[in-house]
Amino acid sequence: GGIITQTPKFLIGQEGQKLTLKCQQNFNHDTMYWYRQDSGKGLRLIYYSITENDLQKGDLSEGYDASREKKSSFSLTVTSAQKNEMAVFLCASSTRDSQDTQYFGPGTRLLVL
Amino acid sequence: QQQVRQSPQSLTVWEGETAILNCSYEDSTFNYFPWYQQFPGEGPALLISIRSVSDKKEDGRFTIFFNKREKKLSLHITDSQPGDSATYFCAARASNYQLIWGSGTKLIIKP
């Protein structure tokens, strides 16, 4: 077994602020993902990293940067928070050979005032 | 083209009844369909999945029925329990191996 830890659990930011969300996994998985979940909508992929030195844009990458510091950690930066933005950011990981099965963290809840 | 649709948006059934959650897609190249279950305050967790070569997948009280010709699938939860109350996401694997997610069905089981 393993676990995915996301920090912080809650994040309140100001408009225009740069905000960083962190994710750690101890599954020893190669592949990691960042998704955004808005109320009433499905998950949308922001960035993913197939292996330690890889970084790929998802459909929602504009406005975000990501960094895969090492195999176990993957960070997401909101480059300029938008006023009244409210969403949950989910980190996930999988093996490289079985990307179909993704394991998720509990999420970081973002509110921008 | 790359869309996954789910219905209904929310569903309430009585304990012991069968809940039926629907999913449809447009891209005929999708060949793997996982269903994820999400409880409030948690991330989604894989519940059950099916590959397009099969028309049915069963795991205990959870069964996926898949109709490739109509590009539809459904998740049946028999003998529903209050602990099954959650949001259920249907997803599909695209040709670039990314998962395309539906918007979810919020299921409430009344005791």
The range A:62-76, residues that are farther than 15 Å from A:Ser93 by Cα and surrounded by fewer than 16 Cβ atoms within 10 Å (Cβ to Cβ): A:Glu62, A:Gly63, A:Asp65
Residues of the range A:79-113 classified as within 10 Å of another protein chain (Cβ to nearest Cβ), touching a Gly at 6+ places or on another chain (Cβ under 8 Å) and either loosely packed, with under 13 Cβ neighbours inside 10 Å or closer than 19 Å to B:Ile100 by Cβ (or both), total: 6
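Tell me, which residue of the range A:22-44 that is over 14 Å from the mean Cα position of the chain (by Cα) and within 16 Å of B:Pro44 (Cα to Cα) is nearest to the other protein chains (Cβ to nearest Cβ)?
A:Gly42
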Unmet criterion (only one of (1) more than 16 Å from A:Asp100 (Cα to Cα); (2) touching a residue at least 24 places away in the same chain (Cβ under 8 Å)) for B:Phe33: (1)
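Applying the selection to the range A:83-97, what residues are touching a residue at least 12 places away in the same chain (Cβ under 8 Å) and over 12 Å from the mean Cα position of the chain (by Cα)? Give the steps one after another, and end with the answer.
Here is the first cut: in the range A:83-97, the residues touching a residue at least 12 places away in the same chain (Cβ under 8 Å) are A:83-96.
Passing the criteria: A:Lys83, A:Asn84, A:Glu85, A:Met86, A:Ser94, A:Thr95, A:Arg96.
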Near pairs, Cβ below 7 angstrom, 6+ apart or cross-chain, from the range A:45-60 (within 13 Å of another protein chain (Cβ to nearest Cβ)) to any residue that is surrounded by fewer than 15 Cβ atoms within 10 Å (Cβ to Cβ) and assigned to a strand (DSSP E or B): A:Tyr47/A:Lys57
All positions within the range B:60-81 that are surrounded by 14 or more Cβ atoms within 10 Å (Cβ to Cβ) and closer than 17 Å to B:Asn31 by Cβ: B:Ile64, B:Phe65, B:Phe66, B:Lys68, B:Lys71, B:Lys72, B:Leu73
Single unsatisfied condition, B:Glu17 versus (1) under 13 Å from the mean Cα position of the chain (by Cα); (2) farther than 27 Å from A:Asp97 by Cα; (3) exposed (fewer than 15 other Cβ atoms within 10 Å of the Cβ): (1)
Residue in the range A:29-36 that is modelled with pLDDT under 95, on the phi > 0 side of the Ramachandran plot and not basic (Lys, Arg) present: no
Residue ranges of strands (runs of 3 or more DSSP E) in the range B:1-102 with at least 3 members at pLDDT 95 or above and within 14 Å of chain A (Cβ to nearest Cβ): B:4-7, B:19-25, B:32-38, B:45-51, B:86-93
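The values are calculated or read from the model by the stated rules, or taken from the named source; none is laboratory data. From a predicted model like this one, the values you see are computed outputs, not experimental measurements. Heads up, the Cβs are rebuilt from the backbone with ideal geometry, glycines too, and the neighbour counts pull from every protein chain shown.
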